[in-house]
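Heads up, the thing below is written out as structure tokens.
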Amino acid sequence: MKLSVRVRDEWFAVPVKPTDKIRGFGDEALRRFYRNKNLENDDQKEKVFEVRKAKGGAILDPSDSIRDILDDNDFVIVVLESDMSNPVTGPAEPVYMEEKIPLSSTTKATEYLSLDGNSLSIDDLVRLGKGHYLLKLTPEAEQAVNKARALLEEILSQNKVVYGISTGFGKFARTVISKDKLVELQENLIRSHAAGVGPPLSPERTRMLLALRINVLAKGYSGISMETLKKYIAAFNASCLPWVPEKGTVGASGDLAPLSHLALGMMGEGKMWSPKSGWADAKYVLEFNNLEPIKLGPKEGLALINGTQLITSLGAEAVERAGAICRQADVIAALSLEVLKGTTRAFDSNIHNVRPHPGQIRVARRLRGLLHSETHPSEIAESHRFCDRVQDAYTLRCAPQVHGISNDTVDFVRGVITTEINSATDNPMVFAEHGEIISGGNFHGEYPAKVLDYLAIGVHELANISERRTERLVNPAYSELPAFLTPDGGLNSGFMIAHCTAAALVSENKVLCHPASVDSLTTSAGTEDHVSMGGFSARKALTVVEHVEQVLAIELLCACQAIEFLRPLKTTAPLEAVYKLVRSVVGPWVKDRYMSPDIDAVWKLLQEEKVWQVSKQYIDNYHAVQDVETRVMSPTTTMNADGPVQKRRRVVSERKNKS
């Protein structure tokens with residue numbers, strides 16, 4: 001029996017007997033730690049403070065037998081007395097304890113998704129990241145991969161000079177490498193290019209990166225061996241995920257640094273995460289999961305790291321989340337308009353049909369399905385039918401025009417990213433059907449970089465307009481509601497600083513929306529003289545989307561609080577359902593309390609798309625039962641001598657009953 005042990009920054013294996021005690025095991029681990037470091041524990045200055053399980057950090061009783069609480073190949077951490085941080089200035093935890101991983105990161109899938117390199121959707125890629133599927137290749141993909149490898153082996157046997165196979169890389173492209181060093185060439189490539197910095201990608205994002213790289217290799221244009229590709233698939237299915245720092249790519253020649261870290265872990269070097277071990281040395285994680293490290297053949301190192309998969313996998317998450325928040329932004333805007341006693345007439349289809357942008361029409365259609373109608377009557381709307389307000393502010397009246405372009409931007413970006421996730425982005429490309437290997441530039445990340453910069457700009461506007469609606473909600477001069485939506489202002493501050501948070505996030509977004517892809521720096525001694533900077537485009541797009549979600553969460557909180565001051569009047573059925581959903585996680589504000597948990601709770605609802613889920617059925621029902629729009633009396637209704645002209649729709653079900 002053996003255990004994988006971490007002492008400070010060092011992982012190593014310690015053989016043990018099942019009857020050994022935890023106390024003795026800890027002392028033996030400490031002795032081996034000093035021996036491995038070629039150090040002496042002078043006068044036994046260092047002592048074991050405690051022994052913990054690596055996953056979860058549970059403290060083990062020193063008097064327990066190993067067999068009673070640990071399994072063979074378990075991962076444990078030995079904490080020394082000098083390892084504890086100062087409880088006055090920091091948490092009472094060992095300095096190096098890994099952060100906890102959410103349960104969602106360890107979802108056990110049973111259903112397989114077959115990859116062919118040509119038909120992966122963004123939705124499926126996101127689901128792969130969440131652990132909903134295991135992976136396998138289609139027979140056609142296996143055939144394509146084997147054909148490409150066979151051609152590469154044939155070319156090698158003919159001693160031909162081909163870039164990246166029998167030559168160096170970048171500036172060293174003209175340096176021919178002897179046949180006996182071709183494997184070392186590929187291994188050196190991975191080690192030297194694994195030069196990223198910063199925090200690692202989360203397990204979910206690493207799964208997406210790994211799955212996307214497998215999908216690209218499955219196209220059969222990279223020259224990868226089936227043995228290596230299947231080891232990648234086995235690692236994915238076991239959730240053995242290498243340490244991939246998020247920074248270090250310039251997006252041409254592909255995402256070299258991140259993909260090198262991915263390959264390095266698969267070689268059994270660097271760090272790796274698995275559900276059973278948490279973060280540990282890759283060789284131990286692979287061994288514990290009964291997996292073997294990859295052994296690179298000619299061209300395989302290059303095949304594993306040339307491509308845009310970091311940009312594209314992060315971009316896929318960004319565009320998926322952007323689409324979700326676009327839909328829910330319409331629901332939140334509808335609720336704000338309702339409590340601010342706005343009119344629905346600005347969403348008349350006649351207005352939007354004469355400016356027929358798809359997104360604008362779609363948003364107006366959703367708003368009509370949420371707001372006052374014969375199908376979904378609103379007591380709040382009826383209460384101000386005869387008010388003297390001429391028209392609403394732009395943040396309410398122009399929601400279809402502003403939200404609409406955000407929707408259209410997401411649709412455009414989704415199309416480009418979908419093409420990119422099913423594209424061959426390696427170099428050189430192996431064309432088995434033509435019997436040749438060609439150097440090109442499909443690794444360049446300009447396509448995903450540009451559209452992700454565009455996505456950030458497009459989706460940010462949802463936060464920009466949302467923050468202004470929040471301002472209207474908390475400002476009594478606009479809302480005719482208590483200042484900052486608190487019943488006892490002065491003693492209570494209500495949503496005063498929640499609005500400040502929204503303003504701060506919007507301001508940050510304005511900086512983050514500056515395009516990263518307008519920049520380029522020459523690298524590799526002038527060989528790579530134009531790059532995309534797409535890695536940062538993708539990372540900041542995700543940050544912008546996250547900020548948009550949070551700003552809209554604050555608006556939704558404010559709108560629900562505003563309803564409290566309009567009771568006993570009720571809004572429409574769909575908006576009451578949204579109110580009920582919010583109140584299931586956040587109660588009304590009667591007096592000041594800790595605000596951040598409320599924002600986080602509503603943000604989670606938006607991340608899980610629950611606001612859209614409870615609304616969609618009502619929107620669909622409205623458009624199913626009404627064939628003519630409800631045109632109620634409002635401040636913008638045209639007047640004539642006989643009074644207001646009103647058109648009311650008959651409900652389809654009523655018409656059927658009469659016929």
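Some observations on this one:
- Any hit, the stretch 60-70, residues being assigned to a strand (DSSP E or B) and exposed (fewer than 13 other Cβ atoms within 10 Å of the Cβ): no
- Residue count for the stretch 66-115, restricted to those that are at pLDDT 60 or above and either among the aliphatic types (A, V, I, L, M) or farther than 26 Å from Asn290 by Cβ (or both): 15
- Residues considered: Gly301, Gly369. Of these, the only one that is outside the structural domain of Tyr163 (by TED's automatic domain parsing), in a helix (DSSP H, G or I) and not charged (D, E, K, R) is Gly369.
- Here Tyr594 meets each of (1) more than 28 Å from Arg365 (Cβ to Cβ); (2) assigned to a helix (DSSP H, G or I); (3) not charged (D, E, K, R) with one exception, condition (2).
- Residue list for the stretch 368-391, restricted to those being surrounded by fewer than 22 Cβ atoms within 10 Å (Cβ to Cβ) and closer than 22 Å to Glu467 by Cβ: Gln391
- Taken over the stretch 495-543, residues that are of a type in the set (S, T, N, Q) and part of a loop (DSSP other than H, G, I, E, B) amount to 5.
- Residues in the stretch 372-406 that are out of contact with any Pro (no Cβ under 9 Å at 6 or more places or on another chain), among the small types (Gly, Ala, Ser) and more than 16 Å from Leu569 (Cβ to Cβ): Ser373, Ala393, Ala399, Ser406.
- Residues in the stretch 395-425 that are in a helix (DSSP H, G or I), among the hydrophobic types (A, V, I, L, M, F, W, C) and under 17 Å from Ser119 (Cβ atoms): Val416, Ile417, Ile421.
- Among the candidates Glu320, Glu300, residue that is acidic (Asp, Glu), touching a residue at least 40 places away in the same chain (Cβ under 8 Å) and over 30 Å from Gly170 (Cβ atoms): Glu320
- In the stretch 344-354, residue surrounded by the fewest Cβ atoms within 10 Å (Cβ to Cβ) [restricted to those that are out of contact with any Ser or Thr (no Cβ under 8 Å at 6 or more places or on another chain) and touching a residue at least 40 places away in the same chain (Cβ under 8 Å)]: Ser349
- Selected residue (criterion: modelled with the lowest pLDDT) from residues of the stretch 49-65 that are within 14 Å of Val7 (Cα to Cα) and either among the hydrophobic types (A, V, I, L, M, F, W, C) or over 35 Å from the mean Cα position of the chain (by Cα) (or both): Ala54
- Take the conditions (1) in a helix (DSSP H, G or I); (2) surrounded by fewer than 22 Cβ atoms within 10 Å (Cβ to Cβ); Gln360 misses just one of them, which is (2).
- Residue list for the stretch 455-494, filter: closer than 14 Å to Ile563 by Cα and part of a loop (DSSP other than H, G, I, E, B): Glu480, Leu481, Pro482, Thr486, Pro487
- The residues listed here are Lys271, Lys231, Lys283; of these, the one that is among the charged types (D, E, K, R), over 20 Å from Asn306 (Cβ atoms) and out of contact with any strand residue (DSSP E or B) (no Cβ under 6 Å at 6 or more places or on another chain) is Lys283.
- Complete set of residues in the stretch 492-502 that are surrounded by 15 or more Cβ atoms within 10 Å (Cβ to Cβ) and closer than 12 Å to Glu467 by Cα: Ala498, His499, Thr501, Ala502
- Matching entry among Gly164, Gly170 (being within 21 Å of Gln309 (Cα to Cα), modelled with pLDDT under 90, crowded, with 17+ Cβ neighbours inside 10 Å and not β-branched (Val, Ile, Thr)): Gly164
- Taking the criterion of being surrounded by fewer than 14 Cβ atoms within 10 Å (Cβ to Cβ) and either not in a loop (DSSP other than H, G, I, E, B) or not assigned by TED's automatic domain parsing to the domain that holds Val551 (or both), the residues of the stretch 566-591 that qualify are Lys580, Arg583.
- Which listed residue is out of contact with any Gly (no Cβ under 6 Å at 6 or more places or on another chain), part of a loop (DSSP other than H, G, I, E, B) and at pLDDT 90 or above, from Asn118, Asn159, Asn188, Asn146: Asn118
- Checked against (1) of a type in the set (Val, Ile, Thr); (2) surrounded by 22 or more Cβ atoms within 10 Å (Cβ to Cβ); (3) at pLDDT 95 or above, Val531 passes all but condition (3).
- Test set (1) at pLDDT 95 or above; (2) under 25 Å from Ser532 (Cβ atoms) - Lys299 fails condition number: (1)
- Some residue of the stretch 264-275 being among the aromatic types (Phe, Trp, Tyr), at pLDDT below 95 and either surrounded by fewer than 24 Cβ atoms within 10 Å (Cβ to Cβ) or in the same structural domain as Val145 (by TED's automatic domain parsing) (or both): yes
The values are calculated or read from the model by the stated rules, or taken from the named source; none is laboratory data. Computed from a predicted structure; not experimentally measured. Glycine also receives a Cβ, built like all others from the backbone with ideal geometry; neighbour counts cover every protein chain displayed.
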